[in-house]
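This report concerns only the one structure given below.
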Amino acid sequence: MSIYRFAKPSDLPGLLAYLAKDNRVLVPVARPAVKKSVVFSEWKPGTEFTLDKATVPAKDAVLPRCETLVRYEKVRDEEHPDLFKLQLDDTPEAQPTVVFACRSCDARGYATLDRPYLKGPFKDPYYEAHRTGLTVITLTCNSGCSTCFCHWVGAGPSSPEGSDILMTEVADGFVLQSVTDKGQAVLEQSALKPCTPEKEQEMTETRKKAWQTLGEKPDLTLAPDKVLGRFKDTAFWEKASERCLSCGACTYFCPSCYCFNITDEGSGMGQPGRRIRTWDNCMSYLFTREASGYNPRPAKSDRMRQRVTHKFATYPENWGAFSCMGCGRCITNCPAHIDIRSIVLDAMADE
């Protein structure tokens, strides 16, 4: 059963200080740029943060942009000097982390990543270490925007999936609602005051109004079959990708894309090396190029097909949910103004 706490705006720094005692706390911070940019940065006392929707989701809280998987060193065997042995250290380098004031679409991104990384045939121990130590405090949206379509893909402004605490802005502060046992423990141990029934009702009404700001949603029940049915329609994917620059912005800004590359940074005798995992981009020509030089996805239309089909057909086939969060970041950050919604609707349209 959920518990509720109330926080005035002036209470938030104290809440962050409490959380930072035992955790790295990531908060949205505005950065100077030609285009307004809000990124998650580690909170320290005095850090100025914003509650605006982040330009970049806090995906690297569970999938760091660059992560060491194994450290290794080749050394001589002291008992047999003519032989060598390889010393390995594959201990995950994770730390307890709180993501504060992400949005529901971002939190659902964690739940979407959980399925392949934790619920597949093999668990990823590095992802598991980050995820186990993660607490997610989500700021629900009080209104939608023109590029938001979370309700298309089974979510909404206050979807609890992936969150530990939901925080809703009301007239004079914020109502915090526990979603998980972890979230309940955080609220119970905090200095925040219990929420009054009136504030809980105000929270409920605020969330209802947020849903009412969303536009009509299409029925995507048939989207997996329809999108997959277009797989061999070369002309369709060439048209869908004709403006694409293969820059990969759509993947880097996505809360649920998880393509990666593995690289060994080695060295000579007696010098340590490491194996690292870094973010990669399935829209890049180099992503699928093999050592032989053969590339199974040589054209940008092939790569667009892969990305859209994965999100709306093959991931749902495997896991029963879309892997698109409807956050709209791929739309707002695409330099060519490609709209994934239009691609899916076109794929569903009768020929």
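The values are calculated or read from the model by the stated rules, or taken from the named source; none is laboratory data. These numbers were taken from a predicted model, which means no experiment stands behind them. Here the Cβ is made from the backbone with ideal geometry for all residues, glycine too, and neighbour counts use every protein chain on show. All accessible areas refer to the heavy atoms of the entire protein, side chains included, with ligands and DNA or RNA removed. Shrake-Rupley method; radii C 1.70, N 1.55, O 1.52, S 1.80 Å.
Quick notes on this one:
- Total residues in the stretch 68-103, condition assigned to a strand (DSSP E or B) and farther than 28 Å from TYR18 by Cα: 15
- Of all residues in the stretch 90-109, those satisfying the criterion of being open to solvent by less than 30 Å² (accessible area, probe 1.4 Å) and out of contact with any Cys (no Cβ under 9 Å at 6 or more places or on another chain) are THR97, VAL98, VAL99, PHE100, ALA101, CYS102, ALA107.
This table checks each residue for (1) closer than 24 Å to TYR126 by Cβ; (2) surrounded by 14 or more Cβ atoms within 10 Å (Cβ to Cβ).
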| residue | (1), (2) |
| --- | --- |
| TYR258 | yes, yes |
| ASP264 | yes, no |
| SER284 | yes, yes |
| PHE312 | no, yes |
| GLU317 | no, no |
| SER342 | no, no |
| LEU345 | no, yes |
| MET348 | no, yes |
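- Within the stretch 211-230, tally of residues that are surrounded by 16 or more Cβ atoms within 10 Å (Cβ to Cβ), in contact with a Phe, Trp or Tyr (Cβ under 7 Å, 6 or more places away or on another chain) and within 23 Å of THR140 (Cα to Cα): 0
- LEU63 vs. criteria farther than 22 Å from LEU12 by Cα, loosely packed, with under 15 Cβ neighbours inside 10 Å and touching a strand residue (DSSP E or B) at 6+ places or on another chain (Cβ under 9 Å): no
- Those strands (runs of 3 or more DSSP E) of the stretch 1-59 in which 1 or more residues are open to solvent by 60 Å² or more (accessible area, probe 1.4 Å) and either closer than 17 Å to GLN95 by Cα or touching a residue at least 60 places away in the same chain (Cβ under 8 Å) (or both) occupy 37-42.
- Qualifying residue in the stretch 133-154 (condition: within 27 Å of PRO96 (Cβ to Cβ), among the aromatic types (Phe, Trp, Tyr) and open to solvent by less than 20 Å² (accessible area, probe 1.4 Å)): no
- Any hit, the stretch 289-296, residues being at pLDDT 95 or above, closer than 28 Å to LEU139 by Cβ and either open to solvent by 30 Å² or more (accessible area, probe 1.4 Å) or in contact with a helix residue (DSSP H, G or I) (Cβ under 7 Å, 6 or more places away or on another chain) (or both): no
- Restricting the stretch 183-194 to residues that are open to solvent by 30 Å² or more (accessible area, probe 1.4 Å) and among the small types (Gly, Ala, Ser), the residue that is nearest to the chain's Cα centre (by Cα): ALA185
- In the set (1) within 30 Å of LEU15 (Cβ to Cβ); (2) more than 15 Å from the chain's Cα centre (by Cα), THR91 fails one condition alone, (1).
- Single residue of the stretch 220-272 satisfying the filter (outside any loop (DSSP other than H, G, I, E, B) and among the β-branched types (Val, Ile, Thr)) that is nearest to the chain's Cα centre (by Cα): THR251
- Inter-residue pairs, beta-carbon under 7 Å, first of a type in the set (S, T, N, Q) and in the stretch 226-255, second open to solvent by less than 40 Å² (accessible area, probe 1.4 Å) and assigned to a loop (DSSP other than H, G, I, E, B), 6+ apart: SER246/MET283; SER246/SER284; THR251/CYS257; THR251/ASN281; THR251/CYS282; THR251/MET283
- Selection status of ALA321, at pLDDT below 95 and either of a type outside the set (Lys, Arg) or within 12 Å of ALA240 (Cα to Cα) (or both): no
- Selection count where residues are farther than 20 Å from CYS105 by Cβ and among the β-branched types (Val, Ile, Thr), scope the stretch 299-323: 2
- Only one entry in THR180, THR168 is within 26 Å of the chain's Cα centre (by Cα), of a type in the set (Ser, Thr, Tyr), within 23 Å of THR97 (Cβ to Cβ) and buried (at least 22 other Cβ atoms within 10 Å of the Cβ), namely THR168.
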